[in-house]
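A short worksheet on the structure shown next.
The values are calculated or read from the model by the stated rules, or taken from the named source; none is laboratory data. What you see is a predicted model; the values in this text were computed from it and never measured. A quick note on method: Cβ atoms are made from the backbone with ideal geometry, for glycine too, and the neighbour counts reach across all protein chains shown.
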Amino acid sequence: MASLDLASLSDRLIAFRRDLHQHPELGWKEERTCRKIADELERLGISYRRIEGSTGIIADIPGPEGVPAVALRADIDALPVHEETDLEFASTNDGVMHACGHDGHTSMVIGAAELLLAEEALPAPVRLIFQPAEEVGDGALKIIEHGGLDNVGIIFGGHIDRHYETGKLIVTEGVVNASTDTFYITVNGKGGHAARPHETVDAVVVGSLMVMALQTMVSREVNPAHPSVVTVGKFVAGTASNVIAGRCHMEGTIRTQDEEVREHLKKSLIRIGSSVGQLHGANVTVELESGLPALINSKDGVELARQAAIEVVGAENVGEMPVANMGGEDFAFYIKHVPGCYIRFGAQIDGKEYPAHSSSFVFDENALLIGSRYFRQIALNAGAALGRGDRWQI
C-alpha cells in the first residue's frame with residue numbers, strides 16, 4: 001500500500017460517518033448526503049456526476065484506456081425509524097435513522113477512494129457508485145438506467161453485519177439474499193348482522209382461511225432444500241363487534257432463493273385465492289408486485305473477493321455465511337448485468353448483536369477502515385485481472 005497515514009484516515013472516516021448518521025435522509029431525499037459526498041470527492045479531486053432526476057452520484061477514478069472499470073457500490077439512504085441509541089451523534093431528523101449501516105458503507109467507499117488515489121497507478125479504472133433508495137428497492141435500477149454500469153467489468157459491494165466480530169470478512173458463493181415480492185389480497189363477501197350469519201358471506205372467516213391456506217404453499221409445495229417464506233403482515237377487516245365484515249384486505253411478502261420456486265409460489269397464491277373464494281362464495285382478488293431478485297454472487301467475483309479479503313484480514317478471519325439472508329438487497333440488480341460479489345463486514349460491539357432496522361442499531365466504527373482497505377484491495381486485484389484481459393460470465 002502506498003504511503004498514507006491509516007490512523008488519520010480512520011479518524012476522517014469516523015467523523016464523516018458520524019456526520020451522515022446525525023443527518024439521515026430517506027430514499028430519493030438524500031440531498032444533504034449527496035452534498036457531503038460531493039464535498040469529499042472534490043476534496044480528493046475525483047470527477048463525478050449527479051444522476052439526473054435522483055440523488056445518486058457516479059464518480060470515476062481514471063485508469064488505463066480500453067480497460068473496463070471495477071465498480072464499488074455504497075448505498076446512502078436511511079430508514080423511517082426513530083433512533084434510540086443515546087449516541088452523541090444520534091439522528092437530528094426525528095423519525096429517520098441510519099439503522100442499517102449505510103452511513104458506514106458510504107464512508108468505506110470514500111475511504112477506498114482515498115487509498116486508491118495514493119497508488120502510483122491503477123491497473124484499471126475504478127467507478128464509485130453512491131446509490132440512493134436501497135431501502136425503497138429501486139435505487140439500483142436508476143443507476144443502471146443512467147449508465148452506471150457502462151464500461152464496468154465487475155462490481156463489488158458489502159454490508160455491515162453485527163452478527164460477526166469486527167475484523168471478520170464474510171465472503172459467500174451463490175445466494176446471499178432472497179427475492180422479495182409483495183402480494184395484496186382483497187376478499188369481498190357480504191356483510192350483515194352478527195346475529196344472522198346465514199345471510200352473509202363473512203370476509204373475516206374467508207380471509208382467515210386464506211391465511212391458513214397460504215401456510216401450506218411452502219410446507220407442501222416447495223422442496224425443503226429451497227428456503228422460502230410466505231408471510232401475511234397486514235390483515236384489515238371489520239368495523240364493529242356485532243357486524244359481520246363484508247370486506248377483508250391482506251398484504252404480505254414472498255421470499256425465495258430460487259427463481260423457479262419464486263414463480264411457482266406466485267402462481268400458487270393466485271390459485272389458492274381463487275379456490276378459497278369459490279369455496280365460500282366470496283370474490284377474492286390477488287395482486288402481485290414484483291420486487292427484488294435473489295442476490296447470487298458470481299463464482300469469479302467470489303474468488304476475487306475472497307483473495308482480497310485474505311490479503312486484508314488474513315485467511316483465519318475470512319468466513320462464509322452459514323445460511324443465506326432472507327432479506328432483500330437491490331445489489332442483485334447489478335449482478336444481473338455484470339459479475340460481482342457482495343460480502344459482509346463484521347462490526348459487532350462487545351459480543352452483542354444489534355439488529356438492523358431497529359432503533360438501537362449501532363456498529364463498531366473500527367470496521368470502516370477495514371472495509372475501505374478491502375474495497376481498495378478488491379479494486380486493485382480485480383483491476384489487475386481486467387488489465388490482463390480477463391473477462392467473466394454473469
Legend entry - Every residue from the stretch 347-387 that is over 18 Å from V67 (Cα atoms) and either assigned to a helix (DSSP H, G or I) or in contact with a Cys (Cβ under 8 Å, 6 or more places away or on another chain) (or both): A356, H357, F361, A367, L368, L369, I370, G371, S372, R373, Y374, F375
Inset, instruction - Please indicate, with yes or no, whether at least one residue in the stretch 37-48 is among the aliphatic types (A, V, I, L, M) and under 15 Å from H105 (Cα atoms). - result: yes
Legend entry - Complete set of residues in the stretch 295-335 that are in a strand (DSSP E or B) and either within 21 Å of H357 (Cα to Cα) or hydrophobic (A, V, I, L, M, F, W, C) (or both): L295, I296, V318, N325
Legend entry - Qualifying positions in the stretch 195-226 - part of a loop (DSSP other than H, G, I, E, B) and surrounded by 18 or more Cβ atoms within 10 Å (Cβ to Cβ): T200, D202, V222
Inset, instruction - Output the number of residues of the stretch 144-188 satisfying the condition of being in contact with a helix residue (DSSP H, G or I) (Cβ under 8 Å, 6 or more places away or on another chain) and not small (G, A, S). - result: 19
Legend entry - the stretch 90-107, residues that are closer than 17 Å to G27 by Cβ and part of a loop (DSSP other than H, G, I, E, B): S91, N93, G95, V96, H98, A99, C100, G101
Inset, instruction - Could you identify the single residue in L122, L128 that is within 24 Å of D60 (Cα to Cα), touching a residue at least 60 places away in the same chain (Cβ under 8 Å), among the aliphatic types (A, V, I, L, M) and buried (at least 24 other Cβ atoms within 10 Å of the Cβ)? - result: L128
Inset, instruction - Go through the stretch 145-194 residue by residue and tally those that are in a loop (DSSP other than H, G, I, E, B), among the β-branched types (V, I, T) and under 20 Å from the mean Cα position of the chain (by Cα). - result: 2
Legend entry - Condition check for G158: of a type outside the set (D, E) and in contact with a Pro (Cβ under 6 Å, 6 or more places away or on another chain): no
Legend entry - Whichever residue in the stretch 108-141 is farther than 20 Å from A332 by Cβ and assigned to a loop (DSSP other than H, G, I, E, B) and, among such residues, is nearest to the chain's Cα centre (by Cα): P125
Inset, instruction - Would you mind stating whether D161 is under 24 Å from A305 (Cα atoms) and in contact with a Gly (Cβ under 8 Å, 6 or more places away or on another chain)? - result: yes
Inset, instruction - Kindly provide the set of residues from the stretch 13-34 that are basic (K, R), out of contact with any Phe, Trp or Tyr (no Cβ under 8 Å at 6 or more places or on another chain) and either under 22 Å from G147 (Cβ atoms) or touching a residue at least 60 places away in the same chain (Cβ under 8 Å) (or both), ordered by number. - result: R17
Inset, instruction - Looking only at the stretch 241-258, decide whether some residue is free of Cβ contacts under 8 Å to residues at least 24 places away in the same chain and exposed (fewer than 14 other Cβ atoms within 10 Å of the Cβ). - result: no
Inset, instruction - Check whether at least one residue in the stretch 218-231 is within 14 Å of V204 (Cα to Cα) and among the hydrophobic types (A, V, I, L, M, F, W, C), and report yes or no. - result: no
Inset, instruction - Considering (1) over 29 Å from N188 (Cα atoms); (2) touching a helix residue (DSSP H, G or I) at 6+ places or on another chain (Cβ under 9 Å); (3) part of a helix (DSSP H, G or I), say which one L269 fails and leave the rest. - result: (1)
Inset, instruction - Examine the stretch 192-207 for a residue that is outside the structural domain of H337 (by TED's automatic domain parsing) and either closer than 26 Å to H337 by Cα or touching a Ser or Thr at 6+ places or on another chain (Cβ under 7 Å) (or both), and state whether such a residue exists. - result: yes
Legend entry - Of residues in the stretch 301-336 being acidic (D, E) and touching a strand residue (DSSP E or B) at 6+ places or on another chain (Cβ under 7 Å), the one farthest from E135 (Cα to Cα): E320
Inset, instruction - Return yes or no: is A38 within 22 Å of G139 (Cα to Cα), among the small types (G, A, S), touching a residue at least 24 places away in the same chain (Cβ under 8 Å) and not in a loop (DSSP other than H, G, I, E, B)? - result: no
